[in-house]
Amino acid sequence: MKLKLASKVEIKTSPGKGMGVFATDNILEGEIIEECHLITLNIPLLEPSEILSDYRFLYPISGEHVEHVIPSGYGCIYNHNDNNNAFWRDHPRYKLFQFIAKKNITIGEEICTYYGGEEYWSERNYIKKL
């Protein structure tokens, strides 16, 4: 198996958001930006937990969730935007997330995904949504 590494992006300061992922080259709609291995967290799905609550993902994202995971690579650094230009999906064969361009992304543009709607943000009222 050969992973798609994040070769067209860099990490830098995102105003008001801490760090973020930015394009260093043009990225085309549908292009895989990065594939991230997943690290399983030993946290029960239905019990509240503070462990890495702002960085963990449910896996798989499609179908019935079976566990909490942390994506490697830049997976935890993509910021939220309601008008996101990227999304993530389960790899069709391996336990990975693929981060994919939802639309064309230009050099210097921040790459953002969509974390979720009001339920997501109401559970994290300590975070300022930008």
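Laid out as a table, the results:
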| read-out | value |
| --- | --- |
| Burial ranking of peptide ranges 53-63, 102-112 (average Cβ count within 10 Å, highest at the top) | 102-112, 53-63 |
| For Val69, net neighbour charge (Lys/Arg +1, Asp/Glu -1) across residues whose Cβ lies under 13 Å away | 0 |
| Where a label projected 7 Å from the Cα of Glu10 along Cα→Cβ would reach, residues of segment 22-41 with amide N under 15 Å | 22-26 |
| Share of carbon and sulfur in the accessible heavy-atom surface of segment 41-114 [1.4 Å probe, %] | 54 percent |
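The values are calculated or read from the model by the stated rules, or taken from the named source; none is laboratory data. This structure is a prediction, so every number in the text was calculated from the model and none was measured. Neighbour counts are summed over all protein chains in view; Cβ atoms, including those assigned to glycine, are modelled from backbone coordinates with ideal geometry. Side chains included, ligands, DNA and RNA excluded: accessible areas come from the protein's heavy atoms. Shrake-Rupley method; radii C 1.70, N 1.55, O 1.52, S 1.80 Å.
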